[in-house]
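To keep things clear, I will list the structure first and then write my remarks on it.
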Amino acid sequence: MADQVPAGGAKVGLSTASVYPENTAAAFEIAGRLGYDGVEVMVWTDPVSQDVEALRRLSDEHRVPVLAVHAPCLLVTQRVWSTDPWRKLTTARAAAERLGADTVVVHPPFRWQRAYARGFVDGIRRLHEESGVRFAVENMYPWRYRDREMLAYAPGWDPTEEDYPAFTLDVSHAATARGDALAMAELMGERLGHLHMGDGSGSGKDEHLVPGRGSQPCGPVLERLARAGYRGHVIAEINTRRAVSAREREADLAETLAFIRLHLAGSTPARTDEEPAR
């Protein structure tokens with residue numbers, strides 16, 4: 001694993017996407033109140049997510065560091081920070097440097113971004129080597145509609161098939177791809193430098209469930225990282241848009257934080273004398 005140290009060294013952050021439809025500012029406030037170690041800023045259509053000075057003020061106000069910057073790679077962010085994908089990545093790197101973050105998360109190109117895709121592997125390696133910021137390419141998944149499957153990403157949705165210097169493992173995406181996140185973590189090996197923790201059931205949708213509510217081996221993945229002395233970041237990236245209240249949203253975020261910390265510690269809840277043996 002990247003940056004290995006004794007177990008327990010991983011920082012646990014909150015993706016600002018996890019509070020949607022609340023905004024980026026709310027994510028900093030919630031992360032601070034619940035006790036997260038920091039945030040990953042998802043750069044998207046919220047103007048605050050694109051404004052480095054505004055992000056610095058939020059970080060200072062809530063005493064919540066920015067651990068990572070997620071470059072604007074989504075369909076809805078095609079015009080955020082330029083329409084040139086390489087300019088997006090250099091802007092993301094500059095933002096990470098100014099915010100004190102050490103990681104930029106990036107998706108593989110869409111297949112229709114042909115010129116970008118052709119130079120992507122070499123370009124990511126070059127950006128990674130030019131500064132102290134890690135460029136961690138995230139695993140995606142095939143797009144499915146009924147019985148049809150479309151390969152939307154190039155060189156491909158599985159970054160382990162390419163020679164990238166660092167990876168982001170997204171557990172929910174592994175479920176959507178109908179794979180196994182633990183097996184993918186083994187393939188990523190020492191280049192696994194960033195983790196998005198959210199569960200999935202293996203449906204055609206990217207679910208980002210609270211860990212433990214799907215079918216992925218979320219606990220074993222975290223325990224493997226702890227045994228390896230992982231010192232990358234573990235980012236809670238769950239979908240709370242269906243929460244009926246702010247209280248329910250925060251309960252899901254608190255449960256996710258507790259799950260991550262429990263399994264990184266490699267422990268299980270102690271059984272009391274009143275509890276029956278299982």
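The values are calculated or read from the model by the stated rules, or taken from the named source; none is laboratory data. Small disclaimer: the values here were computed from a predicted structure and weren't measured. Virtual Cβ from ideal backbone geometry, glycine too; neighbours counted across all protein chains shown. We work out accessible area using only protein heavy atoms, side chains counted, and drop any ligands, DNA or RNA first. Shrake-Rupley method; radii C 1.70, N 1.55, O 1.52, S 1.80 Å.
Using 5 Å bins from zero, what percent of all Cα-Cα pairs in the range 144-203 falls into each bin?
All Cα pairs considered, the percentages come to 4, 17, 26, 26, 17, 7, 2, 0.
Could you list the residues of the range 22-46 with an amide nitrogen less than 15 Å from a label point located 7 Å from the Cα of Ala258 in the Cα-to-C-beta direction?
34-36
Where nothing but the Cβ of Lys and Arg (+1) and of Asp and Glu (-1) is charged, how large is the charge dipole of the chain around its Cα centre, in debye to the nearest 20?
500
What number results when the radius of gyration of the range 120-159, computed over Cα atoms, is divided by 2.2 N^0.38 Å?
1.54
Averaged across orientations, what area in nm² does the convex hull of the alpha carbons in the range 88-167 project?
Across all orientations, the range 88-167 yields a mean hull projection of 5.6 nm².
Suppose the chain between Ala265 and Arg227 were pulled fully straight at 0.36 nm per residue; how much longer would it get relative to their current alpha carbon spacing?
Going from the current span to full extension adds 12.7 nm.
Longest segment of the chain with no GluC sites (Glu not before Pro) in a DSSP loop having at most 15 other Cβ atoms within 10 Å?
Counting only loop sites that pass the neighbour cut-off, the longest clear stretch is 1-161.
Given the C-alpha atoms of the range 177-233, compute the convex hull and give its volume per residue in Å³.
Given the Cα convex hull of the range 177-233, per-residue volume reads 76 Å³.
Using heavy-atom solvent-accessible surface (probe 1.4 Å) with all chains present, what is the largest-first order of Arg126, Arg178, Arg134, Arg118?
Descending order: Arg118, Arg178, Arg126, Arg134.
Ordering His128, His196 from largest to smallest accessible area (1.4 angstrom probe), what's the sequence?
Final ranking, largest accessible area leading: His128, His196.
Under a crude label model (7 Å from the Cα following the beta-carbon direction), how far is Gln78 from Arg241 in nanometres?
Result for the modelled spin labels: 1.8 nm.
Please calculate the 1.4 Å probe accessible area of Val106, with all protein chains present, and give it to the nearest 10 Å².
Near enough 0 Å² of accessible area.
Using alpha-carbon pairs under 8 Å, 6+ residues apart, how would you state the relative contact order of the chain in percent?
Relative contact order of the chain: 21 percent.
Given a cut-off of 14 Å, what percent of all Cα-Cα pairs of the range 60-108 lie beyond it?
The proportion of pairs with Cα distances above 14 Å equals 50 percent.
So which trypsin sites (Lys or Arg not before Pro) in the range 69-112 pass both tests, a DSSP loop state and at most 10 other Cβ atoms within 10 Å of the Cβ?
Answer by residue number: Arg79.
Using Cα-Cα distances under 8 Å and only pairs 6 or more residues apart, what relative contact order does the range 163-260 have, in percent?
RCO, the range 163-260: 27 percent.
For the chain, count all C-alpha to C-alpha pairs, find those more than 30 Å apart, and express that count as a whole percent of the total.
Tail of the P(r) past 30 Å holds 25 percent of the pairs.
What's the carbon and sulfur percent of the range 113-235's accessible surface, probe 1.4 angstrom, rounded to a whole number?
Carbon plus sulfur share of accessible area: 45 percent.
Considering only protein heavy atoms, what per residue accessible area in square angstrom results for the range 128-278 with a 1.4 angstrom probe?
Per residue, the range 128-278 has 49 Å² of solvent-accessible surface.
What relative contact order, as a whole-number percentage, does the range 132-202 give when Cα pairs under 8 Å and 6 or more residues apart are counted?
34 percent.
Gain in length, Arg118 to Glu161, computed as 0.36 nm per residue apart minus the alpha-carbon separation, to one decimal in nm?
Going from the current span to full extension adds 14.0 nm.
Picking from Ala27, Ala258, Ala226, which is most flexible by a Gaussian network model of the chain using Cα springs under 10 Å?
Ala258
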